[in-house]
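Down below is the structure, laid out as structure tokens.
The values are calculated or read from the model by the stated rules, or taken from the named source; none is laboratory data. Just so we're clear, the structure is a prediction, and the values are computed from it rather than from any experiment. So basically every Cβ, Gly included, is an ideal-geometry build from the backbone, and we count neighbours across all protein chains shown. Only protein heavy atoms, including side chains, enter the accessible area calculation; ligands, DNA and RNA are left aside. Shrake-Rupley method; radii C 1.70, N 1.55, O 1.52, S 1.80 Å.
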Amino acid sequence: MEEESDVLLRVNHLKQYFRSGDYINKAVDDVSFYIKKGEVFGLVGESGCGKTTTGRTIINLYDPTEGDVYFQGLRISSTQNGLPVLIRSLKNDFEEKQRQMKAALKEKTEKNPAQAAALKAEYDQKIKEMRKELKEKIRQARTNALESSVEKSKCVEKYREKRKAELTAAFEADSKTLSGQALEERKARYEQDMKVAAKDNIMTKMQMIFQDPIASINPRMTVREIIAEGLKIRGIKDEKYIDEKVYEVLDLVGLVREHADRYPHEFSGGQRQRIGIARAIVLEPDLIIADEPISALDVSIQAQVINLLNDLRNKMGLTIMFIAHNLSVVKYFSDRIGVMYYGKLVELADSDELFEHPLHPYTKSLLSAIPYPDPHHEKHRQRIEYKPLKEHDYSVNKPSLREIKPGHFINCNDEEFERYKKELGL
Ligand SMILES: Nc1ncnc2c1ncn2[C@@H]1O[C@H](COP(=O)(O)OP(=O)(O)OP(=O)(O)O)[C@@H](O)[C@H]1O
Ligand SMILES: [Mg+2]
């Protein structure tokens, strides 16, 4: 089991449902995972499976429908705004079950008319129990929503206290070994850092970068303005400090200070992505959620952006959640990989483990889609298609995410779990 202090982000039973009319789209449906400090966590799956929605929910663009997000040990999510959708969804589930039971009752009664009264009484009793359960679930959801919103409202203040305590501890440790001018300088830096910490917002410590991160930005803004925007939002006004910061991050992403006064349309796709990364890292985040940051780029440029992210990870101690369609992109870059299918995590494991011992048929199908560099091999490559209804019978025994060996999780039911264990020789 991972140490809690090593965990930067923890996502617990996260659900993000979208409602249109009475229909509920379960875009993210009970997803749990954690990301350790300093690692790259890959999230893969086909279009529409809920990767972006997961990322957006984590960074608080939406309140989750249910579940929690913990960042640096603090709960940063509230289900308050998700409550109406959750209640609608619970009612839908109830009504669906009721319809099925009604149909079953009708069938049984036709076969066995003498028992009609007894069957009806049994049905009524069950419905009564289900109604009670529904009421209890709604009550619980309301309590959770309230609790989470209270906890979320405190997270900024708690984070500042934590940061200040960390800075003070570091300063006290350093000051034991310093004296004279060096101590004075250290003290000045400490005081400056404490001022920043007093205004810091935990939510800026997570940044998301997109496929074309500056496409949505006002084209009349210069690169300098684009990068400095976040600093200004943080309340930093010192123009000299801002300029220095802008030049520093331009350098970090492999651009030069002369680029600062140009406009985004003057740059190539790869350079625009670098500007997007600069804009994210200027806020000194701990976590970057990179949502398919390279899928729109030429293959030759893709590797450069991956290398840049890898460099920044080492230099800045960044943790990265990397979202991609296919496994080939995340293979070398990720420490661990989660595979998503229709709102669910179906498999999660260390990168090497996932490639050596894939278990879920959907993971196997994704692996079979990776092209080989060897043309002979490529000619004989067999694509495996995933057909969920053919693969699984979940009518009686329902699946859940289970740990099959340390760190390797798989979504399956009891029968499949035994089968997968045999496959692994366990
Ligand atoms: N704001 C929204 N309102 C309503 N439905 C949404 C919203 N955002 C996403 N969805 C729906 O949620 C589901 C998951 O979408 P999402 O964008 O998260 O998938 P994705 O895995 O990122 O796909 P892609 O690889 O194409 O980017 C889809 O059915 C989508 O239509
Ligand atoms: Mg997406």
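If you put +1 on each Lys and Arg Cβ and -1 on each Asp and Glu Cβ, how big is the dipole of the chain around its Cα centre, in Debye rounded to 20?
On the way: 69 positive and 69 negative charges, 317 e Å.
In total the dipole reaches around 1520 debye.
Give me the orientation-averaged projected area of the Cα convex hull of the stretch 163-211, in nm², one decimal. Provide the component values of the computation, followed by the final result.
Values: hull surface 18.3 nm².
Taking a quarter of the hull surface, the average projection is 4.6 nm².
Note on the chain: GNM, Cα springs under 10 Å; of 363, 52, 222, the largest mean-square fluctuation is that of 222.
Sort 175, 268 by accessible area with a 1.4 Å probe, largest first.
On the way: 175 35, 268 60 Å².
Correct descending sequence by accessible area is 268, 175.
Of the trypsin sites (Lys or Arg not before Pro) in the stretch 97-186, the ones in a loop by DSSP (not H, G, I, E or B) with at most 15 other beta carbons within 10 Å are 176.
For the stretch 1-156, a crude dipole built from +1 on the beta carbon of Lys and Arg and -1 on the beta carbon of Asp and Glu, taken about the Cα centre, is about 720 debye to the nearest 20. The string of couplings for the stretch 185-191 from the Karplus curve (6.51, -1.76, 1.60, θ = phi - 60°) is 5, 5, 5, 4, 5, 4, 5 Hz, one whole number per residue in order, with x for Gly and Pro.
Need one number: % antiparallel among DSSP beta bridges in the chain, to the nearest 5.
So the antiparallel bridges amount to about 65 percent of the total.
Roughly how many percent of the accessible protein surface of the stretch 204-324 is carbon and sulfur, given a 1.4 Å probe and a whole-percent answer? On the stretch 204-324, the fraction of accessible area on carbon and sulfur atoms equals 46 percent. Annotation: the chain has a Kirkwood hydrodynamic radius of 24.7 angstrom, from the mean reciprocal C-alpha pair distance.
Kindly flag which residue pairs out of 97/152; 158/232; 97/137; 195/315; 102/137; 97/398 have an alpha-carbon separation exceeding 27 Å in this structure. List each step's numbers first, then the result.
Values: 97/152 35 Å; 158/232 23 Å; 97/137 15 Å; 195/315 24 Å; 102/137 22 Å; 97/398 16 Å.
Over 27 Å apart, Cα to Cα: 97/152.
Averaging Cα coordinates gives a centre for the stretch 125-158 and one for the stretch 1-41; these two points are 18 Å apart.
Any idea of the accessible area per residue across the chain, 1.4 Å probe, to the nearest Å²?
On the way: 23190 Å² over 426 residues.
Value returned for the chain: 54 Å² of accessible area per residue.
Between the alpha-carbon centres of the stretch 264-320 and the stretch 182-243 there is a gap of 17 Å. Were the residues from residue 244 through residue 221 laid out at 0.36 nm apart, the gain over their Cα-Cα distance would be 6.4 nm.
Pop out the Kirkwood hydrodynamic radius of the stretch 204-324 from its pairwise C-alpha distances, inverse of mean 1/r, in Å to one decimal. Intermediate values should be presented prior to the final figure.
Working: mean 1/r = 0.0701 Å⁻¹.
Kirkwood radius, the stretch 204-324: 14.3 Å.
Across all directions, the average flat footprint of the convex hull enclosing the Cα atoms of the stretch 387-426 is 3.0 nm². Estimated purely from DSSP H runs of n ≥ 4, each contributing -39500 (n - 2.57), the mean residue ellipticity at 222 nm for the chain is -16000 deg cm²/dmol once divided by its residues. Restricting the trypsin sites (Lys or Arg not before Pro) of the stretch 223-278 to loop positions (DSSP other than H, G, I, E, B) with no more than 11 neighbouring Cβ atoms within 10 Å leaves 237.
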